[in-house]
1. Would you check which residues across the stretch 139-149 are of a type in the set (A, V, I, L, M) and more than 19 Å from the chain's Cα centre (by Cα) and list them?
2. On the given criteria, is G42 modelled with pLDDT under 95, among the small types (G, A, S) and at positive phi?
3. Would you mind finding the one in S60, S95, S114, S48 that is among the hydroxyl-bearing types (S, T, Y) and buried (at least 21 other Cβ atoms within 10 Å of the Cβ)?
4. Scan the stretch 64-83 and report the pairs whose first residue is within 17 Å of A109 (Cβ to Cβ) and whose second residue is polar (S, T, N, Q) and surrounded by fewer than 18 Cβ atoms within 10 Å (Cβ to Cβ), with Cβ atoms within less than 8 Å and a gap of 6+ or a chain change.
5. Tell me whether the stretch 158-173 contains one or more residues that are touching a residue at least 40 places away in the same chain (Cβ under 8 Å), of a type in the set (D, E, K, R), surrounded by 15 or more Cβ atoms within 10 Å (Cβ to Cβ) and in contact with a strand residue (DSSP E or B) (Cβ under 9 Å, 6 or more places away or on another chain).
6. Just to be sure before I move on: is S95 among the hydroxyl-bearing types (S, T, Y), closer than 19 Å to I181 by Cβ and in contact with a helix residue (DSSP H, G or I) (Cβ under 8 Å, 6 or more places away or on another chain) in the structure I sent?
7. Would the stretch 141-158 turn up any residue that is at pLDDT 90 or above and within 27 Å of Q21 (Cα to Cα)?
8. What about V182, is it over 22 Å from K30 (Cα atoms), touching a residue at least 24 places away in the same chain (Cβ under 8 Å), touching a strand residue (DSSP E or B) at 6+ places or on another chain (Cβ under 7 Å) and not hydroxyl-bearing (S, T, Y)?
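The values are calculated or read from the model by the stated rules, or taken from the named source; none is laboratory data. All figures in this text were calculated on a predicted structure; none of them were measured in a lab. Ideal geometry is used to build each Cβ from the backbone, glycine not excepted, and the neighbour counts take in all protein chains shown.
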Amino acid sequence: MKNIYIVLFSLVLGISTCFGQGFKAPADGKAVVYFARVSSMGFMAGFSLFHQEKYIGKVSAGAYVRYECEPGEQLFWASAENRAFVTADLKAGESYIVIVDVNMGAMSARVGLSPVTSESKVFERARKTILRMKPLVGNQKSIAKRGKKLEAKGWIKDKLTHYEANLKGTERVKHLSDEMIVPKDKLKK
């Protein structure tokens, strides 16, 4: 019986550290981007997040998604009534924050993506959200299924074609750069 309690305690401890809140260093050779939604405006709206052609999940009000990926040039985007795009040149071993903005649209909430520096006003709100809350971790099977469905319909390809033809290189697309790396001292409580 004592052994069962030890096993259960170990499982609970292991699970809580896997999905615990706060900043977590990326795996060796990877970078991590935190998509934080700090505004309660449009609280019922969830925004779909993408890394290039890959659907990575949804983010809702007062929450964040932690996404780990390869360093180098990347394209992230979010979808709602509109689409918002952010380019990035990520460094291995570093962490970044992108604010998922909410604006009222004609029929529903509109999404925006804003990379932040540690000096920006909203940085501390995002940092506190990340330190206080657990990341949104969707069911990976459901996320993969949703991504395949969007791909099969040609929806993702259509949005990326529009980006390439009309938005790439314009001022409407923000950029996540070196000066937006979260300083190591800000990763702790």
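1. Once the filter is applied, which keeps residues that are of a type in the set (A, V, I, L, M) and more than 19 Å from the chain's Cα centre (by Cα), the stretch 139-149 yields nothing.
2. Spelling it out, G42 is indeed modelled with pLDDT under 95, among the small types (G, A, S) and at positive phi.
3. S95
4. From the stretch 64-83, the pairs are A80/S108; E81/S108.
5. Yes, the stretch 158-173 contains a residue that is touching a residue at least 40 places away in the same chain (Cβ under 8 Å), of a type in the set (D, E, K, R), surrounded by 15 or more Cβ atoms within 10 Å (Cβ to Cβ) and in contact with a strand residue (DSSP E or B) (Cβ under 9 Å, 6 or more places away or on another chain).
6. Yes, satisfied.
7. No, there is no match, as no residue in the stretch 141-158 is at pLDDT 90 or above and within 27 Å of Q21 (Cα to Cα).
8. no
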